[in-house]
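Read through the structure below, which is laid out as structure tokens, and then see the notes.
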Amino acid sequence: MKRYFQAPGRINIIGEHTDYNDGYVLPAAIDRYVTLSIERTGRERIELSSAGREAISFREGEIEPAGNWGDYVKGIFHVLKSEKNVEFGGLSIEIESTVPEGAGLSSSAALEVATITALNEVFGLSLTDEERYRLSQRAENEFVGVKCGIMDQFASVMGRQDSTIFLDTVSMEYEYLPLELGAYSLVVFDSKVHHELLSGGYNSRREEAGKALEILGKRSYRDVSMVDLFTARSKMEDLYYRRAMHVVSENMRVLEVVKILVNSNYENLGRFLVQSHESLAYDYEVSCEEVDFTVDTLRNLNGVSGARMIGGGFGGSVLALCEKSEREKIVEFVRERYFEKFNIAMDAYEVRPSRGAGEIRE
Ligand code: GLA
């Protein structure tokens with residue numbers, strides 16, 4: 001019997017490149033999903049297929065990365081075998097997705113979480129939510145080789161409709177904050193460019209932020225204040241100073257935005273999005289020309305509260321907070337300007353905070 005599962009992509013309201021720096025994040029799962037069907041076959045191999053891609057199959061005794069899309073799925077099989085000793089037997093898994101790839105919306109985490117959620121149910125593994133997001137992160141860290149933090153897998157498992165999740169990545173305590181945006185809507189502008197190969201830029205930022213912390217003589221960014229940073233400035237190379245500045249200032253912005261959401265005072269939210277973008281662009285240097293152009297175009301428009309890049313960066317998407325009544329005009333205008341400038345047809349669509357991964361029952 002075929003069973004169906006889905007796992008969402010995510011946006012992040014604010015708190016970018018903070019999750020692996022002992023910081024705070026504010027993601028939300030969105031109404032874009034990786035959906036898969038799974039069926040036992042009685043054959044020897046685990047067979048993966050996904051529309052428009054080469055089919056992949058492997059034996060459960062020989063799970064090796066191959067540098068292609070199947071690694072996110074194989075990585076889950078790999079961690080479940082090593083952690084839980086599961087015997088899978090032959091399986092057929094068919095995958096479909098409405099989470100665009102390379103768009104900063106975590107299509108890879110959605111694929112990992114859809115896979116672990118399906119295997120958890122089909123093989124009765126009784127994994128906790130925490131095991132599902134932790135093991136998915138491990139698959140990505142150890143098998144795929146991207147040293148990502150916990151935000152994406154966490155959001156894909158834990159998402160809740162019309163809410164964002166305020167997560168402390170040190171204690172892993174979290175709180176759902178209702179995201180009832182009233183006259184506003186959240187619009188994603190996908191630049192359709194991706195400048196860095198799989199993990200290069202991301203992993204090097206992670207190292208640089210770690211090195212900056214070492215120079216500051218601290219164990220955790222949780223212990224670094226703005227004053228510490230100013231005091232240390234003269235003994236730090238500019239690059240490391242800027243990396244640390246982003247982390248410390250971004251965490252402060254997350255805490256401010258949480259206050260705004262608690263008080264439903266959305267007028268000011270956009271300002272923090274723009275500040276976050278500038279910090280990511282100039283201090284952390286994870287943006288790019290196309291994404292900066294999109295943010296610059298948006299921030300000067302009537303009906304836009306604010307905008308910023310989301311996700312790992314080096315391309316991908318911009319998240320904008322737009323007045324609903326102006327949304328269509330804004331989208332049309334930005335797409336036109338972007339096409340004139342880069343000759344690329346960008347995608348733009350509204351997203352809604354949605355629930356986390358689970359089985360789809362017909
Ligand atoms: C990617 C990673 C996350 C996080 C973001 C940047 O999406 O998977 O863990 O670090 O980049 O905030």
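The values are calculated or read from the model by the stated rules, or taken from the named source; none is laboratory data. Quantities reported herein were computed from a predicted structural model and do not represent experimental measurements. Cβ: placed from backbone, ideal geometry, glycine included. Neighbour counts: every protein chain shown.
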Where in the stretch 223-291 are there helices (runs of 4 or more DSSP H), lying wholly inside it, with at least 3 residues that are of a type in the set (D, E)? 238-262
Please verify whether the stretch 30-40 includes one or more residues that are out of contact with any Lys or Arg (no Cβ under 7 Å at 6 or more places or on another chain) and under 30 Å from Y266 (Cα atoms). yes
Given the condition of a type outside the set (A, V, I, L, M, F, W, C) and in contact with a Ser or Thr (Cβ under 7 Å, 6 or more places away or on another chain), answer yes or no: does some residue in the stretch 67-77 qualify? yes
Quick check: is even one residue across the stretch 12-19 in contact with a Leu (Cβ under 6 Å, 6 or more places away or on another chain), of a type in the set (A, V, I, L, M, F, W, C) and farther than 30 Å from Y184 by Cα? no
Could you tell me which of the residues R233, R205, R253, R219 is touching a Gly at 6+ places or on another chain (Cβ under 9 Å) and farther than 30 Å from G182 by Cβ? R205
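What do you reckon, is S279 buried (at least 20 other Cβ atoms within 10 Å of the Cβ) and more than 26 Å from Y33 (Cα to Cα)?
Considered against the rule, which asks whether it is buried (at least 20 other Cβ atoms within 10 Å of the Cβ) and more than 26 Å from Y33 (Cα to Cα), S279 comes out as yes.
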Among (1) hydrophobic (A, V, I, L, M, F, W, C); (2) in contact with a Lys or Arg (Cβ under 6 Å, 6 or more places away or on another chain); (3) within 27 Å of S325 (Cβ to Cβ), A212 falls short only on (3)
Output the residues belonging to the stretch 320-334 that are touching a residue at least 24 places away in the same chain (Cβ under 8 Å), charged (D, E, K, R) and assigned to a helix (DSSP H, G or I). K324, E326, R327, K329
Please work out if M172 is surrounded by fewer than 24 Cβ atoms within 10 Å (Cβ to Cβ) and more than 18 Å from G70 (Cβ to Cβ). yes
Counting only strands (runs of 3 or more DSSP E) wholly inside the stretch 78-197, the ones holding at least 1 residues that are among the hydrophobic types (A, V, I, L, M, F, W, C), away from the ligand (no atom under 16 Å from the Cβ) and farther than 22 Å from P353 by Cα are 91-97, 184-194
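Scan the stretch 2-21 residue by residue and report those that are closer than 29 Å to K211 by Cβ and not basic (K, R).
Of everything in the stretch 2-21, those that are closer than 29 Å to K211 by Cβ and not basic (K, R) turn out to be N12, I13, I14, G15, E16, H17, T18, D19, Y20, N21.
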If only one of F154, F143 is surrounded by fewer than 24 Cβ atoms within 10 Å (Cβ to Cβ), farther than 22 Å from M1 by Cα and at pLDDT 95 or above, which one is it? F143
So M158 fits all but one of (1) closer than 24 Å to G201 by Cα; (2) of a type in the set (A, V, I, L, M, F, W, C); (3) under 16 Å from the mean Cα position of the chain (by Cα); what number is the exception? (1)
Which pairs do you get when a residue that is closer than 12 Å to L186 by Cα, found in the stretch 296-313, comes within reach of a residue that is small (G, A, S) and within 16 Å of the ligand (Cβ to nearest atom), reach meaning Cβ atoms under 7 angstrom, with the pair 6+ apart or on two chains? R308/S276
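Report those strands (runs of 3 or more DSSP E) wholly inside the stretch 1-71 carrying at least 3 residues which are in contact with a Pro (Cβ under 9 Å, 6 or more places away or on another chain) and at pLDDT 95 or above.
By residue number, 3-12, 27-40.
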Given the structure, is L261 more than 15 Å from V188 (Cα to Cα), more than 13 Å from the ligand (Cβ to nearest atom) and more than 19 Å from the chain's Cα centre (by Cα)? yes
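Kindly indicate which of K81, K74 is of a type in the set (D, E, K, R), within 28 Å of H194 (Cα to Cα) and surrounded by 15 or more Cβ atoms within 10 Å (Cβ to Cβ).
Within the list K81, K74, the selection yields K74.
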